[in-house]
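Remarks on the structure that follows.
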Amino acid sequence: MNEMKIRISLYFEIKDSEMFGGEGSVGYAERNMDFTVTEKKPRIFKESAYDYVKRAIANMAKSLGVSEECIRTISKEEYEENTEY
């Protein structure tokens, strides 16, 4: 059976989280997801990619104790510019 390995990386800027110093702080996070797709199971998401990312932001906001408005997706380049990557 043919299969393909896929990695999806999401990058985030997070404001005001206690994890990064509290109110006024800015932190960065990367989330990687690895998938294997096959001819019989070609779909990665059960929902749209947009909805998946919105859900990821909601979950991250809840776990970091900030509002969803404090989290935005950023490019890999912006992530690398702002971290010691």
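Key figures for this structure:
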{"read-out": "Per residue solvent-accessible surface (Å²) - the chain, probe of 1.4 Å", "value": "74 Å²"}
{"read-out": "Residue with peak Gaussian network fluctuation, the chain [Cα springs, cutoff 10 Å], from TYR11, TYR52, TYR28", "value": "TYR52"}
{"read-out": "Between helix 49-64 and the chain: long-axis angle, C-alpha atoms, 0 to 90°, nearest 10", "value": "40 degrees"}
{"read-out": "Share of carbon and sulfur in the accessible heavy-atom surface of the stretch 3-82 [1.4 Å probe, %]", "value": "48 percent"}
{"read-out": "Proximal lysine pairs, the chain, alpha carbons under 21 Å, eight or more residues apart or interchain", "value": "10"}
{"read-out": "Cα principal axis extents for the chain, largest first, Å", "value": "51, 26, 16"}
{"read-out": "Point-to-point label distance, GLU39-ASN59, nm (Cα→Cβ direction, 7 Å offset)", "value": "3.2 nm"}
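The values are calculated or read from the model by the stated rules, or taken from the named source; none is laboratory data. Keep in mind that what you see is a predicted model, and the values were worked out from it rather than measured. All Cβ positions, even for glycine, are placed from backbone atoms using ideal geometry, and neighbour counts span all protein chains on display. Accessible surface is based on the protein model in full, side chains and every heavy atom, while ligands, DNA and RNA are left aside. Shrake-Rupley method; radii C 1.70, N 1.55, O 1.52, S 1.80 Å.
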